[in-house]
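In what follows, a single structure is set out as structure tokens and then discussed.
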Amino acid sequence: MESLWEQTSGHTGFCHLEQDAKTDVLIIGGGIAGVLCAYLLHQAGVLYLLLEAETIGGGITKNTTAKITSQHGLIYSRLIQSFGEETARRYAKANQDAVRAYQDLIDVQGISCDWEERCAYLYGPDVTVLQEEAEAARRLGLPASFTREVSIPIPHDGAVCFEGQAQFHPLKFLKVLADQLTIYEQSRVLTAEGDL
């Protein structure tokens, strides 16, 4: 069964690598991480090659929830406890900066990928834990709050809300970036030589 993203996007259709190739950087895998790495290397003028065993975005990316958020479960209170507030703050900032970086890239490239700013919610039955997580995230500078107002058809007593997050169509996003890059599909890496 095709995912929603596959049903509503075209196929990429890159060539197969027919022979051995030499490059400074080899990227194995054409999911969202691989394509973004290739894009950044391309922008920096670095010689790279992206090889995908099947099709671009055809693995985990095609089945993603397609949310772009700095909210990744009950993590911030645990990070503060385990690593201290400064380390947790750096992690939080890096994740929130990534949300903005996606928006900037989409704007600069003029990518039509159904980008929509949305709130991200983490809900559950333990109000105290959710309130602690919201407070920890807020202390770290994230746009977080605890709320009881979440319209989901699942019993809950509240949720952590992160404002200013987003959702998008990941395959439409990838296609625009991939079309600018050196990519080979249906091309498995069998061996690699050099500095690994």
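Here are a few things to note about the model shown:
- When region 83-137 is filtered for residues that are of a type in the set (S, T, N, Q) and either touching a residue at least 60 places away in the same chain (Cβ under 8 Å) or open to solvent by 40 Å² or more (accessible area, probe 1.4 Å) (or both), the ones remaining, listed by number, are Thr87, Gln103, Gln109, Ser112, Thr128, Gln131.
- Only residues that are of a type in the set (Ser, Thr, Tyr), surrounded by 15 or more Cβ atoms within 10 Å (Cβ to Cβ) and part of a loop (DSSP other than H, G, I, E, B) were counted across region 142-196, and they come to 2.
- Residue match in region 6-19 (condition: within 22 Å of Ile68 (Cβ to Cβ), open to solvent by less than 70 Å² (accessible area, probe 1.4 Å), free of Cβ contacts under 8 Å to residues at least 12 places away in the same chain and among the small types (Gly, Ala, Ser)): no
- Within region 43-74, being crowded, with 19+ Cβ neighbours inside 10 Å, farther than 26 Å from Glu18 by Cα and among the hydrophobic types (A, V, I, L, M, F, W, C) holds for Ala66, Ile68.
- Residues in region 164-193 that are of a type in the set (S, T, N, Q) and under 15 Å from Cys15 (Cα atoms): Gln180, Thr182, Gln186, Ser187.
- So Ala53, is it more than 15 Å from Lys172 (Cβ to Cβ) and in contact (Cβ under 8 Å) with a residue 24 or more places away in the chain: yes
The values are calculated or read from the model by the stated rules, or taken from the named source; none is laboratory data. In this text, all values refer to a predicted model and were calculated from it rather than measured experimentally. Ideal geometry is used to build each Cβ from the backbone, glycine not excepted, and the neighbour counts take in all protein chains shown. Remember, those area values only see protein heavy atoms, side chains included, never the ligands or the DNA or RNA. Shrake-Rupley method; radii C 1.70, N 1.55, O 1.52, S 1.80 Å.
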